[in-house]
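Student: A single structure is presented below for examination.
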Amino acid sequence: MTPVKMHTRALNLFYGEVHALKGVDLDMPEQCVTALIGPSGCGKSTFLKTLNRMNDTIASVRISGEVVLDGEDIYAKNVDVTTLRKKAGMVFQSPNPFPMSIYDNIAYGPRIHGEKKRIVLDEIVEQSLRDAAIWDEVKDRLKKPALGLSGGQQQRLCIARSLATKPEVLLMDEPTSALDPISTSKIEELIDELKRDYSIVIVTHNMQQAARISDYTAFFLLGEVVEHNTTGDVFSNPKDRRTEDYITGRFG
Amino acid sequence: MTNKTSILSGRRTKSLVERIMNIIFLVCGLASVVSVVFMTVYMVVSGGAIIAETGVFRFLLGHVWNPGGSEFGILPMILSSVLATLGAVLIALPVGVLIAVFLAKLSPGKLATAMRAFIDLLAGIPSVIYGLLGALLLVPAIFKLQAAAGLPNSGSLLAAIVILVIMILPTIISVSETAIRSVPKQYEEAALALGSTRLQAIFKVTVPAAKSGIVAGMVLGTGRAIGEAMAVMMVSGNAAIMPELLRPVRLLTAAIPIEWAYSSGLHRQALYGIGLVLFVFIMVINLLLRQVMKKGGAQDE
């Protein structure tokens, strides 16, 4: 098995009184795609958001247990959350480019982390857009508003924006659920490319997508991880009855 | 067998009541349009007389306002009005936007609710009260500055600016706050996920995204400042001389009520002329506002 990039141990999360994650132990290997599947409300998106501490913005959230990235507990007191989020970038469910130019969207991350040199920024912008497989489509209109792009392009732009801060982990929360099939397949190809350089954790509602793009799959149900294994095993040889029921479409 | 309801009725499709109501609505709507057109025509005709008499340049660019000697140059008043408004907006805009950010994003809910109530109250206070407090508290406070500068004690441009700042703040705050609140939360989330601090997310993403709304608030504030008469009249000293920060100034708005009662003939026509100049200012500001709103709307799409 490949080395583990990120793991959680006995991770519990409460929204007020609601126990949303129950003792989750999960390993996310380096340079692999880990897919999180499960019915709506099972905690998979919540889990994803604990991995870069986006839940910090919700006042009622309480967390116990460990989330470890490269041997460091990300909930330790002396953690710099901005550096954590730079290291673990996030792509959201619906494309959310800033209402600025394409260029400024990509340059946003490097700029807030202190990069001012135009030449360096130009290079980062081009490289990020190339890595997100959208450079050819936008290279002639970098100064145009990002909101003028199509939904699929916007989502690839958002991926490029995440890449621009040079993350090591990419967290993707149903990145294709708002997109048409063609855009979806482009993003899936992209994910396949990106896993050479990044460790990817992706939440998806689409079983076929999980089967196509991931190396490992974790099945969440009611805040617990029911089954976690290589994607091949989870889909062809599920050990738990509930996993089998879910992936064959008997519930969820 | 089931009964089928016929959709055909014996009457015509539009009843008489609906027709009459339509006409009433139309008349009400037209009434406002007609008033504006009538006002415009009347202002141009009555205010145009003095301009025809003295010439555009001598009226607008003349340095001396001396009705007794039939000299009607309103440049000092135009400049005073413009400077007072500009000064007030330049101060109130950053302060107002910061307060709006605080209310929309940073303050705990209860504190924000309480502050908003006070700010709304501020907007509802009659301008003569501002003038009264300004004359009692602000003008004497500025005496010290004037003494230090070797100038006589009096109302001043500075006092007018400070009063206007307080008067236009509620407008700028509430319009900006609404604009900031209406920026989709996803923008801020995305900024945080890229490693922004909360303040970076607010000031580099949310506030720029609310720009058109904030500009609208600024233009509305400008309109309010340039049109204010009562409060500034009570604190500005009202000398029709070229404006300086610590010396008395007379604003366009103040000139009309101050001199109205004893004016006649050409002098009164000059006051109409001042009215026309103000009217044009306000029209320009309104056109600007429409332009800003339109642009903002187009950006959102």
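Bear in mind these aren't lab numbers, they're just calculated from the coordinates by the rules spelled out. Just so it is clear, the structure is predicted and the values come from calculations on it, not from any experiment. Virtual Cβ from ideal backbone geometry, glycine too; neighbours counted across all protein chains shown.
Student: On full extension of the chain, what length is gained from B:Ile241 through B:Val45, given 0.36 nm per residue of separation minus the C-alpha to C-alpha distance?
Tutor: Length gained, B:Ile241 through B:Val45: 67.8 nm.
Student: Shielding by partners for A:154-164, please: the mean number of other protein chain Cβ atoms within 10 Å of each residue's Cβ.
Tutor: 1
Student: Tell me, what ³J(HN,Hα) does each residue in the stretch B:207-216 have, in order and in whole Hz, if you take phi through Karplus 6.51 cos²θ - 1.76 cosθ + 1.60 with θ = phi - 60° and put x for Gly and Pro?
Tutor: 5, x, 5, 8, 3, 5, x, 5, 4, 4
Student: Would you grab the residues whose amide H sits under 5 Å from the one on A:Val225? Only those 5+ places off in sequence or on another chain, please, with H modelled 1.01 Å from N.
Tutor: Correct list: A:Asp25.
Student: A 27 angstrom limit on the alpha carbon distance is what I want to check against. Which of A:Lys117/A:Lys166; A:Lys49/B:Lys105; B:Lys185/B:Lys295; A:Lys116/A:Lys186; A:Lys116/A:Lys166; A:Lys117/B:Lys295 exceed it? Don't skip to the answer; put the middle values down first.
Tutor: Working: A:Lys117/A:Lys166 17 Å; A:Lys49/B:Lys105 21 Å; B:Lys185/B:Lys295 22 Å; A:Lys116/A:Lys186 32 Å; A:Lys116/A:Lys166 16 Å; A:Lys117/B:Lys295 32 Å.
Too far apart for the 27 Å limit: A:Lys116/A:Lys186; A:Lys117/B:Lys295.
Student: Report the calculated FRET efficiency for A:Glu244 and A:Asp25 (r = Cβ-Cβ distance, R0 = 35 Å), to the nearest 0.05. Intermediate results must be reported in sequence, preceding the final value.
Tutor: Working: r = 21 Å, r/R0 = 0.61.
Here the calculated transfer efficiency is 0.95.
Student: Within 10 Å of each Cβ in A:70-83, how many Cβ atoms from other chains are there, averaged over the peptide?
Tutor: Partner-chain Cβ atoms within 10 Å, mean over residues of A:70-83: 1.
Student: Report the label-to-label distance for A:Gln208 and B:Cys28 in nanometres (one decimal), using points 7 Å from each Cα along the Cα→Cβ vector.
Tutor: Between A:Gln208 and B:Cys28, the label points sit 5.7 nm apart.
Student: Can you give the angle from 0 to 90° between the axis of helix B:157-181 and the longest principal axis of chain B, with both taken from C-alpha atoms, to the nearest 10?
Tutor: So the inclination is approximately 10 degrees.
Student: Which value, in Å to one decimal place, does the Kirkwood hydrodynamic radius take for the stretch B:59-300 when every pair of different Cα atoms is included? Let's see the in-between values first.
Tutor: Details: mean 1/r = 0.0513 Å⁻¹.
The answer is 19.5 Å.
Student: Shifting gears a bit: So what does log10 I(q)/I(0) come out to for the protein assembly as shown at q = 0.05, 0.12 Å⁻¹, using the Debye formula with one equal point on every Cα and no solvent?
Tutor: Scattering profile of the protein assembly as shown, log10 relative to I(0): -0.36, -1.08.
Student: While we're looking at this one, here's another question. Using the basic label-point model (7 angstrom from Cα toward the beta carbon), what is the A:Thr83 to A:Arg196 distance in nanometres?
Tutor: 3.0 nm
Student: Using packing as a proxy for protection, rank A:176-187, B:105-116 so that the peptide with the highest average count of other Cβ atoms within 10 Å comes first.
Tutor: Details: A:176-187: 16.8, B:105-116: 12.6.
Ranking, from highest mean packing down: A:176-187, B:105-116.
Student: To the nearest whole number, what is the average tally of beta carbon atoms from other chains within 10 Å of the beta carbons of peptide B:266-273?
Tutor: 0
Student: At 222 nm, what helix-only mean residue ellipticity would the protein assembly as shown give, in deg cm²/dmol to the nearest 500, using -39500 (n - 2.57) for each DSSP H run of four or more?
Tutor: -17000 deg cm²/dmol
Student: Please report the equivalent ellipsoid semi-axes of the stretch B:2-54, computed as sqrt(5 x eigenvalue) of the Cα gyration tensor, largest first, in whole Å.
Tutor: So the three semi-axes of the stretch B:2-54 are 53, 8, 6 Å.
Student: Something else: Give a residue-ordered list of calculated ³J(HN,Hα) values for the stretch B:107-118 (Karplus: 6.51 cos²θ - 1.76 cosθ + 1.60, θ = phi - 60°; whole Hz; x for Gly, Pro).
Tutor: 7, x, x, 5, 4, 4, 4, 5, 5, 4, 4, 5
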